[in-house]
Structures are given as structure tokens and as C-alpha cells.
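Accompanying notes for the structure given below.
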């Protein structure tokens, strides 16, 4: 099995904008849920629709996308799942692949509804598999995903509740579309808010959360630092001490340890419409003076909820509007570029998607004699003033060697020096950036991250 660390993948995880009512009792609390691509509006076509038992609700990908898109679910605690049922619109795609706790399983025909799991599950990811290139108006549709316990009873899930409101940060790193404070609530730890003052540390930066209605908060859950990779985490600043309270009133101070996810119990339960979080001190980054928080959850009685300002949906709408009037965007955005090569001694598969939500994903698999290479990259994209597209984020490279070198045979003649040393497997996750150039007939990586794609 291949373990792909990027399955938080890549991707806009705009949540459904309709508030989910929690049913009592529940079998599991869902901490994070996102879809990599959503046809707007999210309230109608987002991932929450998969778990609402509404016969009219579907998760639908943005038109032009489908293959290599997916849905991610993370439970608050590992929970035993006997099986999962996927109720898909089978004619909209050929098959799907499941990743359980980050480990790739196998492909299943889209018409296969039930799949046995039989294990403790913390994370679940469903990836759409289809080797066709979608037309501009094509989408993937999935009606429901249902999990069953060891008694084969359908599990009742508590999804994060969504509270409408607005959120404002004292500053955000440019481009704001890649580091907006709205990313605190998108369920993707690979994206986050970064402060915009690169000359000094993040001390003194603040965020104001304004809810449309009063809410009660007794604790916070914070994904501290930039959790796109270990390298991102160490390179950027993290919160050390912060204060939190009702806006305009006395606040309390709190301290975080220098590790990723922490739950902070408030010194007193707070009920209000507006709250302020202020950074009092930071852990220094090894490369950058950018303070990053990847995710934030408010909790009341152990149940998580988030603030939805509609900011991420506005970003996607803006990109779609620009696409409609821009020939470059029409060629690039919400289109899946696909290349497959099948030869006796080589097989290559690669696909690239630049999404209208501002994210991208690259899948690359190569099988040569004696070596298997996998590459997964995801993150953000932006169009530069010279027309090139900059992609930046995380790249995960894996190389597995097998049967490449003969062992030295003392009875076979020759000497031990004649045998090439055995190559070692390789697995790394790094920060990266690249530039994509678009010509009349191809899409190329300036740093040869992938082989050129031919344009249709």
C-alpha cells in the first residue's frame, strides 16, 4: 500500500453554507470535512449533502472537473467502521478509490455501493477515478456516503455546525487569496491564515470573529503553525501565547506548546456575538517571519462549530467570472490535463487540475524496470503579470526500488566490486514552487515537475 501524506489534498474545501442540526445521540463527531471541488452554491452541492439523508441533496463537482477530485472526512477520535456505502450517480464517473487513514486501498466500480472496511478509522478519503477528460459542463455527482458500525447499523454523525458571520484579520500575507483568514474554517490543515507583516514577527496581530447570532464558546481547538508539511511548520512562526475574549471586554491569556493540534479550555464560558483573538508572542520560524494558524474550531459542550463568512465562495465566484472573460483562464481553470504513456518498459500516468477555488493538484506515477516513482503535489496557484502560472505548496516524492541489483554470487565468477550497490527507497515531502507556461499546443513545467501536456 502507498501512504500519501497529501490527502488533505489539495483543494477548496468550502463547506456547505446550510447549518447542520446535530441529532442526539451521535456515534461519532466529525472534526473536518471538505470536498476538493464544489459546484456553486456550496449550500446546495457541498459535502454536507452526503450525510443529510436528503434524497434531493448531492455533492457535485465544479463543471469541467471530476476525476481526481474527492471528499475527505476526519473523525475527532478513531472509530470502528465495518463498512461504507457510497451512493453515487454511477453514470457520472467510472470508479472510485478509498484511502483509509491515509493508506491507499483499491478501486471500486462506481456502481459498487458497499465496501468492507473492518478497522478503526480516523480519516477517510474518497477519490474519483476516471481516465476521460470532462467537457466544460460535466460534473461528478455523489448522493450519499454512509458508515456502518460492527452491528451493521448506520452511524449517526455530528458534523461541525456552521454559524454565519464575518471574520477580519489585522493583516494577511499576499496574495490574500492564498492566505485569507477564511482558511481557518475550511477543514484543510494544508491551507491557513498567515499574517501580512514579513518584516517583524506576528506579535500584536489579531483576528475578530463576528457572528450573526449569539454563540457560546467554552473551548478552542487550534491547528498551530503551517501544517502543510513538517518543513512548512518549522519554517514559519507559530503561536506561543495569545489572548481571547469577548470583543471590547477583558480577555484571558493562554499558552500553546510548540506542536500542531491543541485543545484550549477557556477560563470561563463566553456567550456573545463578537470575539477577538490576539497574538501575544510567537515561536520563531527557521526561514520566515510569517505567523501561520492552519485551522480553528470553536467548541461548546464538546461539539465543534465554525464561522462562515462566505469569503471562500466569493473567491471562487471571482475566478469563475474572470474565466468567462479570459481566454487563458478558459484553457486552464477547472480543466483536468491528463497524460498516459504505456510502453513495454515504462508506464506513466500524470494529471493536473487548477481549480477555480484557487487550489491545484498534480498526480504522477511512473513504473520503469526496477523502480516505481510516485509524485503528489498540491497547494495554491496564481497568474503572474507575465502570463505564467505560479504553483506553490507541498510536493511528496516516493521512489521504490525492486529487483534492480543482483546479489554477489561467490560461485558465479567475477568479483563483488562488479555488482552495483543496492539503491534505497526514497520518501520525502518538501516545500516547492514552479511556473507553468502555456503555449498554443502544450502546457509545460519550467522546472520539469511533470511532462508536457498536449492541449486538446
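For the range 28-159, how big is Rg over Rh, using alpha carbon atoms and the Kirkwood form of Rh? The partial results should precede the final answer.
Working: Rg = 13.9 Å, Rh = 14.7 Å.
Answer for the range 28-159: 0.94.
Kindly identify the range 94-170 as rounded, prolate or oblate by the Cα gyration tensor criterion: order the square roots of the eigenvalues as a ≥ b ≥ c, call it rounded if a/c is under 1.5, otherwise compare a/b with b/c, prolate if a/b is larger, else oblate. List each step's numbers first, then the result.
On the way: a/c = 1.93, a/b = 1.12, b/c = 1.72.
Because a/c hits 1.5 or more and a/b fails to exceed b/c, the range 94-170 counts as oblate.
Helix 311-324 against the longest principal axis of the chain: what's the angle in degrees, Cα atoms only, rounded to the nearest 10?
On a 0 to 90 degree scale, this one is about 50.
Determine the shape class of the range 250-356: with a ≥ b ≥ c the square roots of the Cα gyration tensor eigenvalues, call it rounded for a/c under 1.5, and otherwise prolate if a/b is greater than b/c, oblate otherwise. Don't skip to the end; give the middle numbers.
On the way: a/c = 2.69, a/b = 1.88, b/c = 1.43.
Cα axes put the range 250-356 in the prolate bin.
Counting other beta carbons within 10 Å of each Cβ, put 71, 121 in order, fewest first.
121, 71
Roughly how far apart, in whole Å, are the Cα centres of the range 269-293 and the range 322-356?
38
Please sort 445-452, 46-53 by packing, taking for each peptide the average over its residues of neighbouring beta carbons within 10 angstrom, highest first. Each step should come with its number before you reach the end.
Details: 445-452: 15.0, 46-53: 21.9.
Going from most to least packed, we get 46-53, 445-452.
Counting helices only, and only those DSSP H runs with n ≥ 4, report the 222 nm mean residue ellipticity of the chain as the sum of -39,500 (n - 2.57) divided by its residues, in deg cm²/dmol to the nearest 500. Write out the running numbers ahead of the final one.
On the way: 5 runs with 34 residues, N = 456.
Result for the chain: -2000 deg cm²/dmol, rounded to the nearest 500.
Of all the Cα-Cα pairs you can form in the range 89-235, what percent are over 24 Å apart? Please list the in-between numbers first.
Working: 5967 of 10731 pairs.
More than 24 Å apart: 56 percent of the Cα pairs in the range 89-235.
Would you mind classifying the range 164-309 by shape? Square roots of the alpha carbon gyration tensor eigenvalues, ordered a ≥ b ≥ c; an a/c under 1.5 is rounded, otherwise it is prolate if a/b is larger than b/c and oblate if not.
Details: a/c = 1.59, a/b = 1.49, b/c = 1.07.
Prolate shape, in that a/c is at least 1.5 and a/b is the bigger ratio.
Could you tell me the center-to-center distance, by alpha carbons, between the range 22-90 and the range 130-184 in angstrom?
Here the two parts' Cα centres lie 8 Å apart.
Based on the Cβ-Cβ distance from residue 314 to residue 135, what FRET efficiency comes out when R0 is 25 Å, to the nearest 0.05? All intermediate terms of the calculation are to be shown ahead of the outcome.
Numbers: r = 26 Å, r/R0 = 1.06.
The computed FRET efficiency comes out at 0.40.
What is the spin-label model distance, in nm, from residue 149 to residue 438 if the labels are put 7 Å beyond Cα along the C-beta direction?
About 5.1 nm separates the two model spin labels.
Coordinate-derived values only; no laboratory data. This is a predicted model, so every value here is computed, not measured. Here Cβ is always computed from backbone atoms with ideal geometry, including for glycine, and neighbour counts include all displayed protein chains.
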